[in-house]
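K.L.:
One structure coming up, written as structure tokens, with questions to follow.
Only the coordinates and a few stated rules stand behind these numbers; no lab work does. Quick caveat: nothing in here was measured; it's all calculated off a predicted structure. Because the Cβ atoms are built from the backbone with ideal geometry, glycine has one as well, and the counts that use them run over all protein chains shown.
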Amino acid sequence: MNVLKGVGISGNIVFGKLKAFKKDFFSMNSEKIYTEDHESEIEKYKCARKLAMDQLDAVYKKVLSDIGEEHAAIFQIHRMMIEDIDYVNSVTNIITDENANAEYAVWLTSRNFEHAFENAEGDYMQQRASDIRDVSKRIVSCMSCFSENKKNEDKKKAMIIGSDDLMPSELLELNRNSVKGFITMLGSKNSHTSILARAMNITAVAGLGDQLRPEYEGCNVAIDSLAGIVYISPDKTTVRRLKKKKELCGQRQELLNSFKGKEDITLDGKEVSICANVSHVSDLAAVCECNARGIGLFRSEFVFMGRSDYPTEEEQFKIYKKVAKQMKGKPVIIRTVDVGTDKRIRYFDLPNEVNPAMGYRGIRICLDRPLIFKAQLRAILRASIFGNIKILFPMICSLDEILQIKQILNEVKEELDAKKIEYDGKLHIGIMIETPAAVFISDVLAKEVNFFSIGTNDLIQYSLAVDRQNDKINFMFNPHHKAILRMIKLVCDNAKKSGIIVGICGEVAADESMTETFLSLGVSELSVSAPFVLGIRKKVREINVSAVCGDIIRALSFDD
Amino acid sequence: MIEIEYKIKNENGIHARPAGVLVDSVKNFESDIKLGRMNDFDYVNAKKLLAVMGLNLKKGEKIKITIDGSDEKEANFVVEKILKERF
């Protein structure tokens, strides 16, 4: 048995036989076959070309709806390459002038173009050559796809695909009936392929590097993506252990599924609202699936990402409207665009900063660029009549900022009134509490807004002066620190005086070991990523707040 | 005939994506649109993707684009916009 360590991408535990993904498929067709039947070779090329374009259209549409324009664009460009007149002429000329078969003509054409790109220097030349190779490979595989596909259909056995790397298009074309998972040498948690794998719920481990060796082909393999481990020829004990783990995993999911439709209420009757965070359009399906109470944090940045210019009001309106309608009256908290030099979007054209965490970011950019801010507010207001939308403003440090925001919001409302455009007049607004300043003036801020949402990541970073990216000190990033808990308590107490609610939308909200504490301090909404919603619901229903609350609050005084 | 001169600012040079955007946006104009390095006779048809990519244009290089035909004004408007945003 060999144990390989990588990065778990998605899914849980699967077993199967390892099959190498044929990257070199194309080179097998490079042999020239003499033929004078030019017409049927050209016909074969034309059919394959048409099929390849249809495939790319399908892949483009799938990626566009599942993942987004940013990742989909390359497939459109591949299609344009196939259509390119120079490429087409080259292939047909080789067929007629050299009496060659179509596969060879495509191979040679591809070689010639690759060569032209490879000769030039620069890192991105390789990329261009590989794009050409990718489309050429696709055309050739379309010529023989009927025979190839049949061969694969016969094998009903569970298969694990092993490869140096998988392209998103290749992943989409795998036979889902037989392929149980894939393992790759390259790749990371956030690559296009990984995002897609999660959306498709296919089990995968990436980043195995040299550990993954060609001689493993045909071996029995077990993938444990929860631990990021791949077992080659696992022994009986390991298989038994993994099967048990898989069963427990399934049981837990089944158990959690039984919590769908149940109320978010503690043993002593305190109502809590468990919502989901959305950072991508593709998250929406998962939010409905996990039966969340609403969207507690809609990170509107993704509407701005993967583009060359600001989205128009109309484009934004369509997205917000779609989300509001899809949630059918459940609350949707849209956070206005929160970017900075650490979360960069190119066309915002932000100057480099020495200390981005404390720089030009979040609401500061919005207040400095009112046109962009107003376009987003108009889009959100217009969408508000289609559901239950609330607006959340990030990075607040002062009362003045809120007054400015409200002023701008009123201007936008007046403009809409003048044009007789409808919006929800009672739309709630809230602010992120993520700076110590906001915590200590929360009594004043609470009088101006309808709700608070605590952003734990930034609050901890600013309060404990710890940068999580810094390996030397990231152990000090401690959500249990009494300073943090006292701040949360202060915020909740001040909110209560003004009769507004407090939610937590940072990563820590999903930490079950803190749920009791949060509820005791007075938090009444937890927003977590979709896979954690049911787990937190289960936890909430096991807690008796009035019984533990006293001890938890006493502990804040260090008198224990 | 309209002539445009431009210095490439895209960090990665003119790779598949910017080239694709250019070709896709100009292919339906009737005008003849050519693109090449300044002071170089090696101009290519801006409606052909592989030809544009094949120029291997890098950041800092100066290029010239010529647009000639009945709809050259409209084409010029589109080309200028793409240069600014993607090149």
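K.L.:
May I ask you to verify whether B:Val78 is touching a Leu at 6+ places or on another chain (Cβ under 6 Å) and either more than 14 Å from chain A (Cβ to nearest Cβ) or touching a residue at least 24 places away in the same chain (Cβ under 8 Å) (or both)?
P.N.:
Values: touching a Leu at 6+ places or on another chain (Cβ under 6 Å): no; either more than 14 Å from chain A (Cβ to nearest Cβ) or touching a residue at least 24 places away in the same chain (Cβ under 8 Å) (or both): yes.
No, not satisfied.
K.L.:
Shifting gears a bit: Restricting to region A:199-248, what's the tally of residues that are within 13 Å of A:Gly11 (Cβ to Cβ) and acidic (Asp, Glu)?
P.N.:
1
K.L.:
Within the group A:Ala465, A:Ala438, which residue is free of Cβ contacts under 8 Å to residues at least 60 places away in the same chain and crowded, with 20+ Cβ neighbours inside 10 Å? Let's see the steps before the verdict.
P.N.:
Values: A:Ala465 fails: crowded, with 20+ Cβ neighbours inside 10 Å.
Just one listed residue meets the conditions, A:Ala438.
K.L.:
Restricting the first residue to region A:417-434 and requiring it to be among the charged types (D, E, K, R), which pairs with a second residue that is crowded, with 17+ Cβ neighbours inside 10 Å and part of a loop (DSSP other than H, G, I, E, B) meet a Cβ separation below 6 Å and a spacing of at least six or different chains?
P.N.:
A:Glu434/A:Gly455
K.L.:
Sticking with this structure for a sec: Would you call B:Lys73 within 9 Å of chain A (Cβ to nearest Cβ) and either touching a strand residue (DSSP E or B) at 6+ places or on another chain (Cβ under 8 Å) or not aromatic (Phe, Trp, Tyr) (or both)?
P.N.:
Numbers: within 9 Å of chain A (Cβ to nearest Cβ): no; either touching a strand residue (DSSP E or B) at 6+ places or on another chain (Cβ under 8 Å) or not aromatic (Phe, Trp, Tyr) (or both): yes.
So B:Lys73 does not fit the description; no.
K.L.:
Pairs needed: first member in region A:57-86, facing chain B (nearest Cβ under 10 Å) and over 14 Å from B:Gly20 (Cα atoms); second member anywhere, hydrophobic (A, V, I, L, M, F, W, C) and assigned to a helix (DSSP H, G or I); C-beta distance under 8 Å; at least 6 residues apart or different chains.
P.N.:
Short answer, once both residue conditions are applied: A:Asp86/B:Leu50; A:Asp86/B:Ala51.
K.L.:
Among residues belonging to region B:1-39 that are within 14 Å of another protein chain (Cβ to nearest Cβ) and acidic (Asp, Glu), point out the one that is surrounded by the fewest Cβ atoms within 10 Å (Cβ to Cβ). Let's see the steps before the verdict.
P.N.:
From region B:1-39, those within 14 Å of another protein chain (Cβ to nearest Cβ) are B:8-28, B:37; that's our starting set.
Those left that are additionally acidic (Asp, Glu): B:11, B:24.
Details: B:Glu11: 9, B:Asp24: 15.
So the residue we want is B:Glu11.
K.L.:
Could you figure out which of (1) touching a strand residue (DSSP E or B) at 6+ places or on another chain (Cβ under 8 Å); (2) buried (at least 20 other Cβ atoms within 10 Å of the Cβ); (3) not basic (Lys, Arg) isn't true of A:Glu516?
P.N.:
(1)
K.L.:
Looking at B:Phe29, is it assigned to a helix (DSSP H, G or I) and among the aromatic types (Phe, Trp, Tyr)?
P.N.:
Working: assigned to a helix (DSSP H, G or I): no; among the aromatic types (Phe, Trp, Tyr): yes.
Judged against the criteria, B:Phe29 is not a match.
K.L.:
Need the failing condition index for B:Asp42 against (1) within 14 Å of another protein chain (Cβ to nearest Cβ); (2) touching a strand residue (DSSP E or B) at 6+ places or on another chain (Cβ under 6 Å); (3) touching a residue at least 40 places away in the same chain (Cβ under 8 Å); (4) not aliphatic (A, V, I, L, M), just the number.
P.N.:
Unmet for B:Asp42, out of (1) within 14 Å of another protein chain (Cβ to nearest Cβ); (2) touching a strand residue (DSSP E or B) at 6+ places or on another chain (Cβ under 6 Å); (3) touching a residue at least 40 places away in the same chain (Cβ under 8 Å); (4) not aliphatic (A, V, I, L, M): (3).
K.L.:
Which residues, counting only those in region A:45-89, are more than 28 Å from the chain's Cα centre (by Cα) and surrounded by fewer than 19 Cβ atoms within 10 Å (Cβ to Cβ)?
P.N.:
Of everything in region A:45-89, those that are more than 28 Å from the chain's Cα centre (by Cα) and surrounded by fewer than 19 Cβ atoms within 10 Å (Cβ to Cβ) turn out to be A:Lys46, A:Cys47, A:Lys50, A:Leu51, A:Glu83, A:Ile85, A:Asp86, A:Val88, A:Asn89.
K.L.:
Checking A:Leu459 against (1) outside any loop (DSSP other than H, G, I, E, B); (2) over 15 Å from A:Val502 (Cα atoms); (3) not acidic (Asp, Glu), which single condition isn't satisfied?
P.N.:
Among (1) outside any loop (DSSP other than H, G, I, E, B); (2) over 15 Å from A:Val502 (Cα atoms); (3) not acidic (Asp, Glu), A:Leu459 violates only (2).
K.L.:
Please enumerate the residues belonging to region A:469-486 that are within 15 Å of A:Ile552 (Cβ to Cβ) and either of a type outside the set (Val, Ile, Thr) or in contact with an Asp or Glu (Cβ under 8 Å, 6 or more places away or on another chain) (or both).
P.N.:
Initial filter on region A:469-486 (within 15 Å of A:Ile552 (Cβ to Cβ)): A:479-482, A:484-486.
Across region A:469-486, the qualifying residues are A:Pro479, A:His480, A:His481, A:Lys482, A:Leu485, A:Arg486.
Residue-by-condition table, conditions (1) away from chain B (no Cβ under 14 Å); (2) crowded, with 21+ Cβ neighbours inside 10 Å; (3) touching a helix residue (DSSP H, G or I) at 6+ places or on another chain (Cβ under 8 Å); (4) in a loop (DSSP other than H, G, I, E, B):
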residue: A:Cys288; (1), (2), (3), (4): yes, no, yes, no
residue: A:Phe317; (1), (2), (3), (4): yes, no, yes, no
residue: A:Gly329; (1), (2), (3), (4): yes, no, no, yes
residue: A:Tyr360; (1), (2), (3), (4): yes, no, yes, yes
residue: A:Arg364; (1), (2), (3), (4): yes, no, no, no
residue: A:Ser384; (1), (2), (3), (4): yes, yes, yes, no
